[in-house]
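In what follows, a structure is listed as structure tokens, so that the remarks can point back to it.
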Amino acid sequence: MLGMLRIYDNKLTGQIIRNSNIANFDSNENRPKIIKLEAISKNQLRITFDQYLKTVDNNAFLLNGILPKSYTLTTNSEGNSVVTLIAEDDRPFASGLEGASLIILTDSIKRIENAFGLGIINSSYTSTTSSVKIEDKMAPSVRVISGIPQVYGIRGINGIVDAISISYEENIDSTKLSALSYNVNGRDIARVYTSIYPLKGTAVTGSYVIIELKPVQNSSTTYNYAILTQVLDIYDMQGNKLSPEGTTLETVN
């Protein structure tokens, strides 16, 4: 038949192809690896691995020096395992992640293994020195001492509150602040800026947000305290965002 090619008795002889770039099954290249570490709250560390994990043991982790309280295991859109460790209440992440650490310490009982039974290599991580560093992804928060948010009125003439100081756990990005960032009941805001002190003055990068208020129009009204709410997003210097949640804050003096 025209247009048809017939091939007779052609065969491919069996052979073994060995590429020097193909790693052995149990090579370290095939073992699970951590590709991202994110402190997402004061007591949570999110660990992203480079592959799917079949076995995860909470006892194989030391978070800030001790065993985590618990953990969750999920799979991201790329099919890689994500472990979120929950720290004990007395070992939260400090502001700026000072002293933050993660140690992987596996053995024949405490295991972190992929689908083929290959375990992770024991290693340690910090926010400054390791190859994969712990990243600060924590939303800024108002500093709380003994259950009291650190929000203070700054008094001017006749004891009237003419400014408010809000203490945050980390430095706040002043370029993202404006007079519209907050609402103060019954008062008009003149300017909002950051400072290293809970006082009115020159704007500098710091963890205190100072809200200066316009002079009162009705001197017969008592203005020896202030109630305020956050209206716009507040950002720290790492770009982490604190969204408004309608929480009301009141000056404590």
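A Gaussian network model of the chain, with springs between Cα atoms under 10 Å, assigns the largest mean-square fluctuation among ASN80, ASN64, ASN158 to ASN158. Summed over the residues of segment 70-201 and divided among them, the accessible surface reaches 52 Å² per residue at a probe radius of 1.4 Å. Mean-square fluctuations from a GNM of the chain, with a 10 angstrom spring cutoff on Cα atoms, peak among THR229, THR84, THR194 at THR229.
Counting Lys and Arg as +1 and Asp and Glu as -1, what is the net charge of the other residues whose Cβ lies under 12 Å from the Cβ of LYS69? It would help to have the intermediate numbers written out before the result.
Working: positive: ARG91; negative: GLU88, ASP89, ASP90.
Net charge in that neighbourhood comes out at -2.
Subtracting the Cα-Cα distance from 0.36 nm times the residue separation, let me have the gained length for VAL132 to ASN28 in nm, one decimal.
Working: separation 104, 0.36 × 104 = 37.44 nm, distance 1.69 nm.
Going from the current span to full extension adds 35.7 nm.
Lysine pair count for the chain (Cα-Cα distance under 17 Å; residues 8 or more apart in sequence or on different chains): 14.
How large is the charge dipole for the chain, taken about the Cα centre, if only the Cβ atoms of Lys, Arg (+1) and Asp, Glu (-1) carry charge, to the nearest 20 debye?
In debye, rounded to 20, the chain gives about 400.
Rounded to the nearest Hz, the phi-derived 3J(HN,Hα) couplings of segment 243-253 under the Karplus curve 6.51 cos²θ - 1.76 cosθ + 1.60 (θ = phi - 60°) are 7, x, 10, x, 6, 8, 10, 10, 4, 9, 9, where x marks glycine and proline.
With a ≥ b ≥ c the root eigenvalues of the C-alpha gyration tensor of the chain, is it rounded (a/c under 1.5), prolate (a/b larger than b/c) or oblate?
On the way: a/c = 4.05, a/b = 2.46, b/c = 1.65.
Verdict is prolate for the chain.
Carbon-plus-sulfur accessible fraction, segment 139-253 (probe radius 1.4 Å, protein heavy atoms only): 50%.
Rounded to whole numbers, the Karplus 3J(HN,Hα) couplings from phi for segment 168-179 are 9, 6, 9, 4, 9, 6, 5, 5, 9, 9, 7, 5 Hz, using 6.51 cos²θ - 1.76 cosθ + 1.60 with θ = phi - 60°, and x at Gly and Pro. Comparing ASP136, ASP162, ASP89 in a Gaussian network model of the chain where C-alpha atoms under 10 Å apart are linked, the largest mean-square fluctuation is found at ASP89.
Length gained on full extension, ILE109 to VAL252, computed as 0.36 nm times the residue gap minus the Cα-Cα distance: 46.3 nm.
The values are calculated or read from the model by the stated rules, or taken from the named source; none is laboratory data. Bear in mind the structure is a predicted one, so any value in this text is a computation, not a measurement. Glycine gets a Cβ as well: all are built from the backbone with ideal geometry, and neighbour counts include every protein chain shown. Quick note on the areas: whole protein, heavy atoms, side chains included, nothing else; ligands and nucleic acids left out. Shrake-Rupley method; radii C 1.70, N 1.55, O 1.52, S 1.80 Å.
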